[in-house]
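Written out below as structure tokens is the structure these notes cover.
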Amino acid sequence: MARKLSAKKRNRQSIVHNRRNRAAKSKIRSTVKQYESAAPETKVEGLRAVASVVDKAAVKRVIHRNKANRTKSRMAKKLNKAEASKG
């Protein structure tokens, strides 16, 4: 248990940050899952939604910017692969 006032404040801050980060990561995962299970016609809008959520998390430093770019790249790669196989 923290004894000093600054240590107690840091504990309170870490709890708030932990909850915020966990919510943001959960939103990323659910958006990616929605994108992957979406109909082929709505994949482009889904990719925009994934990019938006991932970029916002990267700006807030919930995830690293390289991870954000990697996630967007993988989603775009899946979209391009699906469109190429379609016709």
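Test Glu36 against the criterion of being acidic (Asp, Glu), loosely packed, with under 11 Cβ neighbours inside 10 Å, at pLDDT below 95 and part of a helix (DSSP H, G or I), and give yes or no.
Against the criterion (acidic (Asp, Glu), loosely packed, with under 11 Cβ neighbours inside 10 Å, at pLDDT below 95 and part of a helix (DSSP H, G or I)), Glu36 does not qualify.
Only residues that are among the small types (Gly, Ala, Ser), part of a helix (DSSP H, G or I) and over 17 Å from the mean Cα position of the chain (by Cα): list them for region 46-87, please.
Selection gives Ala82, Ala84, Ser85.
With respect to the numbered conditions (1) closer than 29 Å to Lys86 by Cβ; (2) surrounded by 15 or more Cβ atoms within 10 Å (Cβ to Cβ); (3) at pLDDT 95 or above, which one is the sole condition not fulfilled by Ser73?
Checking Ser73 against (1) closer than 29 Å to Lys86 by Cβ; (2) surrounded by 15 or more Cβ atoms within 10 Å (Cβ to Cβ); (3) at pLDDT 95 or above, the one that fails is (2).
Being among the small types (Gly, Ala, Ser) and surrounded by 11 or more Cβ atoms within 10 Å (Cβ to Cβ) is the filter; apply it to region 24-33 and report the residue that is farthest from the chain's Cα centre (by Cα).
Out of the qualifying residues, it is Ser30.
Looking at region 33-87 only, could you name the residues that are over 22 Å from Arg20 (Cβ atoms) and aliphatic (A, V, I, L, M)?
Selection gives Ala38, Ala39, Val44, Leu47, Met75, Ala76, Leu79, Ala82, Ala84.
Would you be able to say whether some residue in region 2-17 is among the hydroxyl-bearing types (Ser, Thr, Tyr), under 13 Å from the mean Cα position of the chain (by Cα) and at pLDDT 95 or above?
no
Suppose we filter region 55-84 for residues that are under 28 Å from Ser14 (Cβ atoms) and touching a Lys or Arg at 6+ places or on another chain (Cβ under 6 Å); how many remain?
Going through region 55-84 one residue at a time, the tally reaches 1.
The values are calculated or read from the model by the stated rules, or taken from the named source; none is laboratory data. Just so we're clear, the structure is a prediction, and the values are computed from it rather than from any experiment. Glycine gets a Cβ as well: all are built from the backbone with ideal geometry, and neighbour counts include every protein chain shown.
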